[in-house]
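Here's the structure, in structure tokens; my notes come after.
The values are calculated or read from the model by the stated rules, or taken from the named source; none is laboratory data. All of these numbers come straight from a predicted model, not from anything done at the bench. Because the Cβ atoms are built from the backbone with ideal geometry, glycine has one as well, and the counts that use them run over all protein chains shown. Keep in mind that these areas ignore ligands, DNA and RNA; they rest on the heavy atoms of the full protein, side chains included. Shrake-Rupley method; radii C 1.70, N 1.55, O 1.52, S 1.80 Å.
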Amino acid sequence: MYYCHGIYDKLQDFIDPFVDHNFDYYETASTRVLYNFEFAIKDINGEYIDSDCISEEPHIFVSNSTVHLWAQWGTGLSTRTNTYYDIFTGQKSPEYLGQSDYYGSLVLSTTRKFTELSDGIYIYDMFSGKLLYTIDEFELPLYDSIESIVSAYFSPDGKQIHVAYFTGTGDEIERVKQIFDLPQKVIDKQ
């Protein structure tokens, strides 16, 4: 005789440790009517914090209590928006533009306004949006381009910023890397 009573619960108990529960905090879908992508961000209790419909597929990452959403609205890094959500408090950050990264409650961004040159690294308080520190002096001059800063990210301990950027003139372009130490007053805000 075939017997399956309780097998689903036993299988669920076995599989649960291997399941990515990040999907508990967001949903995405493609809409066939508008040919757009929808997303919804949820808090720890399953209540919706934010949702929208956008033209490009959203990229969503979950780490500890933070959901990071980045969406592309055009071509290039300067048309990327980054928004952060705290799943415990339901807070939503302001939108940050360009390449971004975060460490603790700090966000770095490479662009201040759409179509503006990426001429520095801007460190913000994640949820207030307050500008805490700017890096705009480099060992070599930035190449005159709308996206001269290629990447910027926090070191694993959050005390430094690693930056890659283009330098040079005309056809003589070089990609260089530089590491910046954050001042203690900024590190203390983490």
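A compact table of results
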{"read-out": "Test: residue in region 96-104 that is closer than 28 Å to residue 170 by Cα and acidic (Asp, Glu)", "value": "no"}
{"read-out": "Qualifying positions in region 40-50 - out of contact with any Ser or Thr (no Cβ under 9 Å at 6 or more places or on another chain) and exposed (fewer than 14 other Cβ atoms within 10 Å of the Cβ)", "value": "45, 46, 47, 48"}
{"read-out": "Verdict on residue 149 being more than 26 Å from residue 62 (Cα to Cα) and either small (Gly, Ala, Ser) or in contact with a Phe, Trp or Tyr (Cβ under 9 Å, 6 or more places away or on another chain) (or both)", "value": "no"}
{"read-out": "Tabulated pairs, region 89-105, first over 23 Å from residue 157 (Cβ atoms) and of a type in the set (S, T, N, Q), second part of a strand (DSSP E or B) and open to solvent by 30 Å² or more (accessible area, probe 1.4 Å), C-beta under 9 angstrom, 6+ apart or interchain", "value": "91/49"}
{"read-out": "Residues being in a strand (DSSP E or B) and either more than 23 Å from the chain's Cα centre (by Cα) or modelled with pLDDT of 95 or more (or both) - total across region 166-190", "value": "13"}
{"read-out": "Scan of region 148-161 for residues that are under 16 Å from the mean Cα position of the chain (by Cα) and open to solvent by 40 Å² or more (accessible area, probe 1.4 Å), ordered by number", "value": "153, 156"}
{"read-out": "Pair list, Cβ under 7 Å, 6 or more apart: region 51-63 residue modelled with pLDDT of 85 or more and open to solvent by 60 Å² or more (accessible area, probe 1.4 Å), other residue assigned to a strand (DSSP E or B) and of a type in the set (Phe, Trp, Tyr)", "value": "51/39; 52/39; 59/70"}
